[in-house]
Number of protein chains: 2
Amino acid sequence: MAESITPQSEDFSRWYLDVIREAELAENSPVRGSMVIRPYGYEVWENIQEALNLRFKATGHRNAYFPLFIPMSFLQREAEHVEGFAPELAVVTIGGGKELEEPLVVRPTSETIIGYMYSRWIRSYRDLPLLINQWANVVRWEMRTRPFLRTMEFLWQEGHTAHATAEEALEHTRRMLDVYADFAVNEAAIPVIKGIKSEREKFAGAVASYSIEAMMANGWALQSATSHYLGDNFAKAFDIKFLDEENQVRNCYTTSWGLSTRMVGAVIMTHGDDQGLRLPPRLAPIQVVVVPIWRSEDQRAGVLEYASRVEAALRDAGIRVQMDAREDQTPGFKFNDWEMRGVPVRVEIGPRDMQQNAIVLARRDRPGKEGKTFGVPVEQAAVRTRELLEDIQASLLAQATERRDANTRYVADYETFKAVLDSEGGFLKVHWAGTSEDEARIQEETRASLRCLPLESTEGQGRCFLTGALTDRVAIFARAY
Amino acid sequence: MAESITPQSEDFSRWYLDVIREAELAENSPVRGSMVIRPYGYEVWENIQEALNLRFKATGHRNAYFPLFIPMSFLQREAEHVEGFAPELAVVTIGGGKELEEPLVVRPTSETIIGYMYSRWIRSYRDLPLLINQWANVVRWEMRTRPFLRTMEFLWQEGHTAHATAEEALEHTRRMLDVYADFAVNEAAIPVIKGIKSEREKFAGAVASYSIEAMMANGWALQSATSHYLGDNFAKAFDIKFLDEENQVRNCYTTSWGLSTRMVGAVIMTHGDDQGLRLPPRLAPIQVVVVPIWRSEDQRAGVLEYASRVEAALRDAGIRVQMDAREDQTPGFKFNDWEMRGVPVRVEIGPRDMQQNAIVLARRDRPGKEGKTFGVPVEQAAVRTRELLEDIQASLLAQATERRDANTRYVADYETFKAVLDSEGGFLKVHWAGTSEDEARIQEETRASLRCLPLESTEGQGRCFLTGALTDRVAIFARAY
């Protein structure tokens, strides 16, 4: 066990902060609530960006960039929107040494400024759908922050689309939710539940908000991405209109959807263990570390040369590989160090391996000897490593899915709900016919919030665990970040 | 000629704005001085990012992300720095509904906040050099803005490095200048002059600033990237120290260097002509457009199918290709449209080409029949297109270099200087022994500024064109953006 990392079972929050510090993912900055994303953490984010960009492009989107500053009056055009965001705004009041006539808000999200531009760009049905994504920083004044999960400034992508009909916009909202779920499952190895948010939890200004919810290793929920159907709320506020094929002026229907650096937190808390990070191979900045091992000085040059050839073979095969030839550290130290950093595969190469024209493959997701394969022929290094990476990717997903399923429990009444929440935690599935006030009360009494109404559920009809009313609505409650 | 684009000869500034509007590269936003970068313009920026990221990585840098907001007190720690940037700051004074105790500056550049973090990360000589790059938005309150060239908010990368010695830091400053020049020449097809900035023009807080200067089609200069040697100015201000191999505490020496969305403006103004944009193939979002041509309805399906196969072959060869199968536009309209958008190569495919198993290749950089190759065998489509793209890339660079050289003139005295500047414009090369005050006066009298003291010059010793003093210093003056 890495000594400087608190065990998960002892204090999960401290474990999380320890891993972020020791693996050099991020660090607090002198600006309250803002973090510095260090290179290793940023490289995970870059891999997330690349995987999402491919998916956004495949679904017809293009990237663009809109201003950081938004006139305060823009936010006020949509009543619910400004009400939701007003308490969280950072406001620029001085520019170029002078007090501004109209304060500028640092964007907390960009529906308003993008809505304004869309009203200028969209003229006819031929301009629709308009499918644009932006990679950007946004600022929300948060009181309680936690690296990656909740920071004053964060990085994200925000997609904004405009459509000719409500049906098409709603369909697109759901399509992008599917894209997020596909990304989470297949890249981040995080099983997620797709669902609709309650009225109380939905985005300020949306008609309906959807999310993907993931379960962290401590049983808590993390909302990992959201997709909003905005109806014609923003179209009305910003006059986003088009001429249809019959030359009639009609309102557009819009959507917005986002995924942020929070996803890095989800990766850490889904897969990490007491040794530190465990990164899914597809998002790992370093997929394989090669550790050459020599006992005497005369072995050194030969082992290093042999290890370099293995490294080159892996790199040529498109694997993100790094050699650790540090001379002032022991192999044991290096093993622990790279395990703590979550590198999925370690290649060990000593004089005997070299003599046998072989290498040792060690997988991060299985500790000790059990996770090692000895005597892998060197000419198979790339093929076998690639297979192993795929296997680890699948195995991390399987482990997380198993844990999620084992910790999702149907409860039929509020007493059981409270008891299970305290004893087991995890996701509590219930039949739900309560109001927003009921929801608020449950959260106050139990610190569990309504995560979503899952899109897929097999429960059928039943009685609301709180009110006893018959309903076919199912909800998931959990303590959440 | 594209009717909606003002000819360059009539009004270069209007031509520039017309091209940006018609090619849908960017647009003014309702926030004064901020622009919206539209997808086509943003895709050029993404290609710039990719080309630079490869070069930064090859020179040992890693990307990271630092806070948008900087405490006002940080800027004040380096006297020249705050003096230079104070007039241009946007200041957040309200956060979460409350007046802030210490105002936060929206970063105009990040030497201070990064310097603070470096002082925490660097302990010993083993931590050096520290080589980090950031992709970010920055804000400088500009009064006169022009899309891409000068905007209140802009996107850029800023590299920040720390070194054990002054020599190493200076060497790195020059290395990154070389990286920028290599990028400009080989990706953007823009010949540049590497030089050192005058005391008057150098970065606020730097010991020495270097730049690459390019000549636009109207003879004006554009500073296209800068690389600063910061000495130990910021190291002293932020306490960036290390223990050397003899266990002595020493100051670090730092550098910073940046290239911004300004480069998109450089591409437009270097290569564009009266028909619109001409994009260098390596940065073009669309390298090839395929235009299928049919006269009768019964030809349509066949031509489209044939054109799709060509499109697929080009895509498979890694070429960024797009088919224009719009039915409500004539081929002539499409030709003009894509020429205006600067797509380097057009593939024309009609029924006769199909019969002959051939395609027509038309190059953007040579107008009319001269730029067309008929009867290119379809099985050679990818190979020939790739060759053509390389040829166009080289030809754009050659044209720009020829123009730059033809418009660079050595002048020996101030009267000639003024006369040549008014009649010919371009770059004026002079021997220079003047002071900062002389430099300011020249700029006031002629609107030409000292662009740089070129690193490479063959002029030898001569008399300063202003003071008559003997000197071996050579300077380039020009009107500049």
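The values are calculated or read from the model by the stated rules, or taken from the named source; none is laboratory data. If you're wondering where the values come from, they're calculated on a predicted model, not measured in any experiment. Every residue, glycine as well, gets a Cβ built from its backbone with ideal geometry; the counts of neighbours run over all protein chains shown.
Against the criterion of being of a type in the set (Ser, Thr, Tyr) and assigned to a loop (DSSP other than H, G, I, E, B), A:Ser395 does not qualify. Would you check which residues across segment A:11-28 are more than 16 Å from the chain's Cα centre (by Cα) and buried (at least 21 other Cβ atoms within 10 Å of the Cβ) and list them? Scanning segment A:11-28 gives A:Trp15, A:Val19, A:Ala23.
Within segment B:73-103, being more than 7 Å from chain A (Cβ to nearest Cβ) and surrounded by 16 or more Cβ atoms within 10 Å (Cβ to Cβ) holds for B:Phe74, B:Leu75, B:Arg77, B:Glu78, B:His81, B:Val82, B:Gly84, B:Phe85, B:Ala86, B:Leu89, B:Leu100, B:Pro103. When the criteria are applied in full, A:Asp413 meets the requirement of being farther than 26 Å from A:Leu222 by Cβ and either surrounded by fewer than 17 Cβ atoms within 10 Å (Cβ to Cβ) or at pLDDT below 95 (or both). Quick one: in segment B:29-42, of everything that is within 20 Å of the chain's Cα centre (by Cα) and more than 7 Å from chain A (Cβ to nearest Cβ), which residue is farthest from B:Ile240 (Cα to Cα)? Looking at residues that are within 20 Å of the chain's Cα centre (by Cα) and more than 7 Å from chain A (Cβ to nearest Cβ), I get B:Tyr40. For segment A:344-382, the tally of residues that are of a type in the set (Gly, Ala, Ser) and touching a residue at least 40 places away in the same chain (Cβ under 8 Å) stands at 3.
Return the residues of segment A:435-476 that are exposed (fewer than 14 other Cβ atoms within 10 Å of the Cβ) and of a type in the set (S, T, N, Q); say none if nothing qualifies. Across segment A:435-476, the qualifying residues are A:Thr435, A:Ser436, A:Thr458, A:Gln461. May I ask you to list the residues in segment A:129-150 that are more than 12 Å from chain B (Cβ to nearest Cβ), part of a strand (DSSP E or B) and in contact with a Lys or Arg (Cβ under 9 Å, 6 or more places away or on another chain)? Within segment A:129-150, just A:Arg150 meets the criteria. Check whether at least one residue in segment A:369-388 is farther than 25 Å from A:Ser296 by Cα, of a type in the set (D, E, K, R) and touching a helix residue (DSSP H, G or I) at 6+ places or on another chain (Cβ under 6 Å), and report yes or no. No: zero hits.
Of all residues in segment A:256-294, how many are charged (D, E, K, R), more than 30 Å from A:Phe56 (Cα to Cα) and out of contact with any Pro (no Cβ under 7 Å at 6 or more places or on another chain)? Residues that pass the stated criteria total 1. Consider segment B:53-71 and keep the residues that are within 12 Å of chain A (Cβ to nearest Cβ) and surrounded by fewer than 16 Cβ atoms within 10 Å (Cβ to Cβ). The one that is farthest from A:Ile114 (Cα to Cα) is B:Gly60. Among the conditions (1) more than 9 Å from chain A (Cβ to nearest Cβ); (2) crowded, with 16+ Cβ neighbours inside 10 Å; (3) at pLDDT below 95, B:Glu111 misses just one, which is (3).
So, in segment A:156-193, exactly how many residues are assigned to a strand (DSSP E or B) and crowded, with 21+ Cβ neighbours inside 10 Å? Result for segment A:156-193: 7. For the structure I just gave you, tell me whether A:Asp182 is over 13 Å from the mean Cα position of the chain (by Cα) and farther than 25 Å from A:Asp18 by Cβ. So A:Asp182 does not fit the description; no. Tell me whether segment B:448-465 contains one or more residues that are in contact (Cβ under 8 Å) with a residue 60 or more places away in the chain, out of contact with any Cys (no Cβ under 6 Å at 6 or more places or on another chain), more than 30 Å from B:Val343 (Cα to Cα) and not in a strand (DSSP E or B). Within segment B:448-465 (the criterion being in contact (Cβ under 8 Å) with a residue 60 or more places away in the chain, out of contact with any Cys (no Cβ under 6 Å at 6 or more places or on another chain), more than 30 Å from B:Val343 (Cα to Cα) and not in a strand (DSSP E or B)), the answer is yes, since at least one residue qualifies. The single condition among (1) within 11 Å of chain B (Cβ to nearest Cβ); (2) hydrophobic (A, V, I, L, M, F, W, C); (3) more than 30 Å from A:Leu130 (Cα to Cα) that A:Leu17 does not meet is (1). Of the numbered criteria (1) farther than 23 Å from A:Pro67 by Cβ; (2) among the charged types (D, E, K, R); (3) touching a residue at least 40 places away in the same chain (Cβ under 8 Å); (4) within 12 Å of chain A (Cβ to nearest Cβ), the one B:Glu50 fails is (3). Out of curiosity, is A:Glu199 out of contact with any helix residue (DSSP H, G or I) (no Cβ under 7 Å at 6 or more places or on another chain), surrounded by fewer than 20 Cβ atoms within 10 Å (Cβ to Cβ) and more than 14 Å from chain B (Cβ to nearest Cβ)? So A:Glu199 fails the test. Of all the numbered requirements in (1) buried (at least 19 other Cβ atoms within 10 Å of the Cβ); (2) under 25 Å from A:Pro377 (Cβ atoms); (3) acidic (Asp, Glu), A:Asp273 misses one, and that requirement is (2).
Of all residues in segment B:120-128, none are within 13 Å of chain A (Cβ to nearest Cβ) and under 29 Å from B:Met216 (Cβ atoms).
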